[in-house]
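See below for the structure under consideration.
The values are calculated or read from the model by the stated rules, or taken from the named source; none is laboratory data. The structure presented is a predicted model; accordingly, all values stated were derived computationally and were not measured. Cβ: placed from backbone, ideal geometry, glycine included. Neighbour counts: every protein chain shown. Only protein heavy atoms, including side chains, enter the accessible area calculation; ligands, DNA and RNA are left aside. Shrake-Rupley method; radii C 1.70, N 1.55, O 1.52, S 1.80 Å.
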Amino acid sequence: MTLSLLLACLWVLLAAVIGVLPEKLHWIAAFSLIASGIPLLGFVTYQSGPLWGLIALAAGASTLRWPLLYLGRWLNRRRRSTGE
């Protein structure tokens with residue numbers, strides 16, 4: 001197992017641990033996970049190839065589904081307010 005995949009597995013475990021913390025810490029932790037996950041995703045893709053990069057992207061998206069859902073809703077509202 002490459003270093004990048006090991007770090008990605010640790011990232012997923014950390015996300016699972018954060019999930020059992022009190023809810024008021026979830027958003028702070030989510031932003032921290034996003035900030036650390038983006039470069040980690042690039043590292044996984046660089047070291048292990050695009051297939052593993054897509055698998056890591058899917059794992060991260062399923063872990064951080066609520067921030068992604070809120071981002072999608074926000075972008076949809078902006079698109080509708082500009083009349084496009």
Give, in nm to one decimal, the length gained when the segment between Phe31 and Trp66 is fully stretched (0.36 nm per residue of separation minus the Cα-Cα distance). 11.4 nm
What percentage of the solvent-accessible surface of the chain, computed with a 1.4 Å probe over protein heavy atoms, is contributed by carbon and sulfur atoms? 72
Could you tell me which label, among [x] 17.9, 60; [y] 14.9, 49; [z] 11.4, 31, carries the value of Rg and Dmax of the Cα atoms in Å calculated for this structure? [y]
With charges only on Cβ, +1 for K and R and -1 for D and E, what is the dipole size of the chain about its Cα centre, in debye, rounded to 20? 420
Relative contact order, percent, of the chain when contacts are C-alpha pairs under 8 Å separated by at least 6 residues? 32
Counting heavy atoms of the protein chains only and a 1.4 Å probe, report the per residue accessible area for the chain as a whole number of Å². 75
